[in-house]
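Asks: A single structure is presented below for examination.
The values are calculated or read from the model by the stated rules, or taken from the named source; none is laboratory data. If you're wondering where the values come from, they're calculated on a predicted model, not measured in any experiment. We place every Cβ from the backbone using ideal geometry, glycine too, and count neighbours over all the protein chains shown. For accessibility, only protein heavy atoms count, side chains too; no ligands or nucleic acids. Shrake-Rupley method; radii C 1.70, N 1.55, O 1.52, S 1.80 Å.
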Amino acid sequence: MRFTYLFVLLNIFIFSSCKEQKLELNKIEGKLIEVSDSLENDPEIEAFISTYRKRIEKDLDSVLAYSVDTYSKTDGELNTAIGNYMADIVYNEANPVFKSRTGYDVDMVLLNHGGIRSILSKGNVTKRSAYELMPFENSIVIVALKGSQIEDGLVTYLSKSKRAHPISNLKLVLNKDNEIIEAKIKGKDIVPNKTYYVATSDYLYNGGDNMIFFKTNDSLYRLNYKIRNALIDNFMKVDTINPVIDDRFIQIN
C-alpha cells in the first residue's frame with residue numbers, strides 16, 4: 001500500500017510539473033546517410049528474395065512478339081510510328097472493355113509524347129519492353145466530351161503544341177500558318193453537340209502536360225486498366241510489330 005501511495009504521488013508530481021513546464025523546439029539536426037552499392041548485402045535477405053527475383057526476371061524476359069525495327073518517339077514531327085502504335089493499342093484493348101460495360105464505343109485516343117519513356121528496340125519484345133516504354137502506373141480512363149470541347153480544347157491544344165502526341169482515330173491537318181484545315185474523328189467531321197468518348201490516361205485527365213480541357217467533361221469512366229498492361233496484352237496477341245508514320249497528323253504547305 002505504501003509503495004502504491006508513493007507511486008501515485010510521484011505520477012501526480014510529474015503530471016503537474018509537465019503541465020507547468022512549457023516545452024519549445026529550438027533545434028533540429030539531420031544526418032545524411034548515403035546508400036550505395038558499397039553497402040554489403042545481407043546473406044539471409046539475399047537468400048530469401050533470390051527465388052522471387054529469378055521468377056520475376058524470367059517473367060519479364062519472356063518473349064511475346066518481334067519488332068522488325070527500332071522505333072523512337074523522335075522519329076517524326078507530328079506523329080511517330082511508336083506513338084501511333086501505342087495509341088492504337090489503347091484503342092484496340094480498351095474499347096472492348098468500355099463497350100461491354102457501357103454499350104458505347106471509344107471514339108478516339110489521346111496520350112502524351114512525354115509518356116513514351118524509351119525506344120522499342122529491334123528484335124524480341126518482352127514484358128520488360130512494356131515496362132521500359134511505360135514505367136508509370138498510368139491507367140486508361142474514358143472522358144465524355146462534346147464535339148465543341150474537342151475542337152476548342154483538344155484540337156486547338158494539339159495544333160499549338162505541334163508535338164507528336166500519340167493519337168488514334170483522330171485526323172488533323174494544319175496549313176503552313178499552323179491553322180487547322182481538317183479535323184475528323186473516325187473519318188467524319190466533328191459534330192459540336194455530339195458526345196464523343198475519348199480514351200486517355202488518368203495523368204492527362206488530371207491536367208498533366210497542361211491538358212486542362214479534359215476537366216470540362218460530361219462524365220468520366222475509369223477502366224482500372226493500366227496502359228502498360230494494355231501493351232502487354234497486345235504484345236501477346238501479335239506475332240510481328242511493324243508500326244508506321246502515317247497521315248493522322250500532318251502539316252501541308
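Asks: From Ile89, Ile82, Ile119, grab the single residue that is of a type in the set (Val, Ile, Thr) and farther than 18 Å from Phe249 by Cα.
Replies: Ile119
Asks: Does any residue of region 84-92 turn out to be among the polar types (S, T, N, Q), under 17 Å from Tyr225 (Cβ atoms) and open to solvent by 20 Å² or more (accessible area, probe 1.4 Å)? Even if it seems obvious, please write down each step before you answer.
Replies: If we filter region 84-92 for residues that are among the polar types (S, T, N, Q), which is where we start, we get 84, 92.
Okay, now just the ones that are also under 17 Å from Tyr225 (Cβ atoms), so 92.
From the residues that got through so far, the ones that are open to solvent by 20 Å² or more (accessible area, probe 1.4 Å) too are 92.
Looking through region 84-92, at least one residue is among the polar types (S, T, N, Q), under 17 Å from Tyr225 (Cβ atoms) and open to solvent by 20 Å² or more (accessible area, probe 1.4 Å).
Asks: Tally time: how many residues in region 116-168 are in a strand (DSSP E or B) and more than 30 Å from Ile56 (Cα to Cα)?
Replies: So the first thing to find is which residues in region 116-168 are in a strand (DSSP E or B), and the list is 120, 123-126, 139-146, 167-168.
Next, from what is left, pick out any that are more than 30 Å from Ile56 (Cα to Cα): 142-146, 167-168.
Total satisfying the criteria: 7.
Asks: Could you say which residue among Leu60, Leu64, Leu133 is of a type in the set (A, V, I, L, M), touching a Lys or Arg at 6+ places or on another chain (Cβ under 9 Å), modelled with pLDDT under 95 and open to solvent by less than 50 Å² (accessible area, probe 1.4 Å)?
Replies: On the way: Leu64 fails: modelled with pLDDT under 95; Leu133 fails: modelled with pLDDT under 95.
Among Leu60, Leu64, Leu133, only Leu60 is of a type in the set (A, V, I, L, M), touching a Lys or Arg at 6+ places or on another chain (Cβ under 9 Å), modelled with pLDDT under 95 and open to solvent by less than 50 Å² (accessible area, probe 1.4 Å).
Asks: Under 9 Å between Cβ atoms, at least 6 apart or on separate chains: pull out the pairs that start in region 181-205 with a residue that is within 13 Å of Asp107 (Cα to Cα) and touching a residue at least 60 places away in the same chain (Cβ under 8 Å) and end on any residue that is among the small types (Gly, Ala, Ser) and assigned to a strand (DSSP E or B).
Replies: Correct list of pairs: Tyr196/Ala144; Tyr197/Ala144; Val198/Ala144; Ala199/Ser168.
Asks: Turning to a different aspect of this structure: Test Ser100 against the stated conditions and say whether it is over 17 Å from His113 (Cα atoms) and either open to solvent by 90 Å² or more (accessible area, probe 1.4 Å) or not charged (D, E, K, R) (or both). Full working, then the answer.
Replies: Numbers: over 17 Å from His113 (Cα atoms): yes; either open to solvent by 90 Å² or more (accessible area, probe 1.4 Å) or not charged (D, E, K, R) (or both): yes.
So Ser100 fits the description; yes.
Asks: Does region 74-82 include one or more residues that are surrounded by 18 or more Cβ atoms within 10 Å (Cβ to Cβ), touching a strand residue (DSSP E or B) at 6+ places or on another chain (Cβ under 9 Å) and part of a helix (DSSP H, G or I)?
Replies: So far as region 74-82 goes, yes, one or more of its residues are surrounded by 18 or more Cβ atoms within 10 Å (Cβ to Cβ), touching a strand residue (DSSP E or B) at 6+ places or on another chain (Cβ under 9 Å) and part of a helix (DSSP H, G or I).
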